[in-house]
Amino acid sequence: MTLESLRDKAKAFRAAHERAVLVLPNAWDAGSAAVIERAGAPAIATTSGGVSWALGRGDGQRLSRAEMVSAVRRIAAAVTVPVSADIEGGYGPAPADVAETVSAIVEAGAAGVNLEDSIAGTLNLFDVPAHAERLRAAREAATAAGLPELVINARTDVYLFGVGAPEGRLDDVLARATAYAEAGADCLFVPGLVDLEVLRRLTAAAPIPIAAMAGPGAPSVSELAGVGVRRVTVGTVIAQAAYTLAERAAAEMLTKGTYAELEQSLDFGTLNALFGR
């Protein structure tokens, strides 16, 4: 992929945030990305958890930078749509670590990144100024790499980790939204928050678009869009479903000797053709 074509993808991905709610099913390898594109996704978001599982690791910033970059490179090469890469916490606490990661991810072909404010191996978050510096480093690195259009999705884990008193979390997230936007973030991702009324208040007050993580039991895409959410992902849930099907199909074969779980599978030729280019 040339830098010019990547810039076109990043521009298209950026513009997609200005239209109707952007739905980004999460992929974890080249195969899952290809079938998600075939399903009609306008862009692909990766899931660090799914990528980690595919590499035999647990989630939670246990991959190396090189491992994640390699996975993103394969995913970006397998699809024609823009790819937003989950780079966890940037593979190091310092702004320089984040900059190195972003430079490598741009070179791998990603049009966007997802950078979280949690500290690896803990349930703690970087303070607002510290993470703002990390986001600023990400923006500067993208520009230096020739991709100023890179879409930076700043993830805050205030709700996911239950940081602080419940009544103070919205104000905390809004303070982070303001600081992160000033540092160069394009949108704010708030996993763990699916309360529609709180999301309504957040989207009305935040200076940048809000992204939510949904899944079984969460509000529908239309409900989330109705309160102002602009971007919806599902994290590891599609990967979980795929691995669950693998377990069920294997158990059926081993215990019953039958194959009913496999009846709705895509045929071999359809899947194989996805990788013919």
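The values are calculated or read from the model by the stated rules, or taken from the named source; none is laboratory data. Fair warning: this is a prediction, and the values are worked out from it, not measured in the lab. Cβ placement follows ideal geometry from the backbone for every residue including glycine, while neighbour counts extend to all protein chains displayed. For accessibility, only protein heavy atoms count, side chains too; no ligands or nucleic acids. Shrake-Rupley method; radii C 1.70, N 1.55, O 1.52, S 1.80 Å.
Couplings for the stretch 59-76, taken from phi via the Karplus curve 6.51 cos²θ - 1.76 cosθ + 1.60 with θ = phi - 60°, read 6, x, 6, 9, 8, 8, 4, 4, 5, 5, 4, 4, 5, 5, 4, 5, 5, 4 Hz in order; Gly and Pro are left as x.
Whole-percent P(r), the stretch 19-101, all Cα pairs, 5 Å bins from 0: 3, 16, 26, 22, 17, 11, 4, 1. Give the angle, between 0 and 90 degrees and rounded to the nearest 10, that separates the Cα long axis of helix 3-16 from the longest principal axis of the Cα atoms of the chain. Its long axis makes an angle of about 80 degrees.
Computed from the C-beta positions of residue 270 and residue 167, the FRET efficiency with R₀ = 35 Å rounds to 0.10.
Extents of the stretch 110-238, largest first, come to 41, 29, 29 Å (Cα atoms, principal axes, whole angstrom).
Whole-Å semi-axes of the stretch 211-277's equivalent ellipsoid, largest first, each the root of 5 times a Cα gyration tensor eigenvalue? Each step should come with its number before you reach the end.
On the way: eigenvalues 205, 69, 18 Å².
Listed largest to smallest, the semi-axes of the stretch 211-277 are 32, 19, 9 Å.
The H on the amide N of residue 192, modeled in the peptide plane, is under 5 Å from the matching H of 213, each at least 5 residues off or on a different chain. Normalised by 2.2 N^0.38 Å, where N is the number of residues, the alpha-carbon radius of gyration of the stretch 92-139 equals 1.14. Between helix 237-255 and the chain there is an angle of about 20 degrees, using the helix long axis and the longest principal axis of the Cα atoms.
Roughly how tilted is helix 196-205, in degrees to the nearest 10 and between 0 and 90, from the longest Cα axis of the chain? On a 0 to 90 degree scale, this one is about 50. Scalar couplings 3J(HN,Hα) for the stretch 122-138, obtained by applying the Karplus form with A = 6.51, B = -1.76, C = 1.60 to θ = phi - 60°, are 9, 9, 9, 10, 4, 5, 4, x, 5, 6, 4, 5, 5, 5, 5, 5, 4 Hz; x denotes Gly and Pro. Considering only the other residues whose Cβ falls under 9 Å of the Cβ of residue 68, what net charge follows from Lys and Arg at +1 and Asp and Glu at -1? Combined, the nearby Lys, Arg, Asp and Glu give -2. Other residues within the sphere of radius under 13 Å centred on the Cβ of residue 188, judged by their own Cβ, net out at -2 (K and R +1, D and E -1).
Based on Cα contacts under 8 Å between residues 6+ apart, the stretch 1-148 shows a relative contact order of 23 percent.
Take every DSSP beta bridge with both residues inside the chain and express the antiparallel ones as a percent of the total, to the nearest 5.
5 percent
Carbon and sulfur: what percent of the chain's accessible surface (1.4 Å probe)? Ligands and nucleic acids excluded, carbon and sulfur reach 57 percent.
Using the 1.4 Å probe convention, the accessible area of the stretch 90-165 works out to 34 Å² per residue with neighbouring protein chains retained.
Summed over all non-identical Cα pairs, the Kirkwood treatment of the stretch 148-216 gives a radius of 12.2 Å. Describe numerically, in nm with one decimal, the distance between label points set 7 Å from Cα along Cα→Cβ at residue 133 and at residue 20. Output for this residue pair reads 4.4 nm. Highest-first packing order for the peptide set 149-159, 32-42 is 149-159, 32-42, based on the mean count of other beta carbon atoms within 10 Å. The Cα center of the stretch 35-50 and the Cα center of the stretch 200-277 differ in position by 9 Å. Packing, as the average of other Cβ atoms within 10 Å across residues, places the peptides 259-271, 76-88 in the order 76-88, 259-271, highest first. Here the Kirkwood formula, the inverse mean of 1/r across different C-alpha pairs, assigns the chain a hydrodynamic radius of 19.2 Å. The relative contact order of the chain, computed from alpha carbon pairs under 8 Å that lie at least 6 residues apart in sequence, is 18 percent. Could you check how many percent of all C-alpha pairs in the stretch 95-178 are farther apart than 20 Å? I get 36 percent for the Cα pairs in the stretch 95-178 exceeding 20 Å. When you restrict to C-alpha pairs under 8 Å that are six or more residues apart and normalise by the size of the stretch 1-63, the relative contact order lands at 24 percent.
Give me the extension gain from residue 39 to residue 201: residue separation times 0.36 nm, minus the current Cα-Cα distance, reported in nm with one decimal.
55.1 nm is the gain from fully extending residue 39 to residue 201.
Inter-label distance, residue 2 to residue 244: 4.5 nm, where each label sits 7 Å from its Cα along the C-beta direction.
Take 231-242, 215-226 and order them by the average number of nearby Cβ atoms within 10 Å per residue, most first; the result is 231-242, 215-226. Across the stretch 88-105, coupling constants 3J(HN,Hα) worked out from phi with the 6.51/-1.76/1.60 Karplus curve, θ = phi - 60°, read 6, x, x, 6, x, x, 7, x, 5, 5, 4, 4, 4, 5, 4, 4, 5, 5 Hz, and Gly and Pro carry x.
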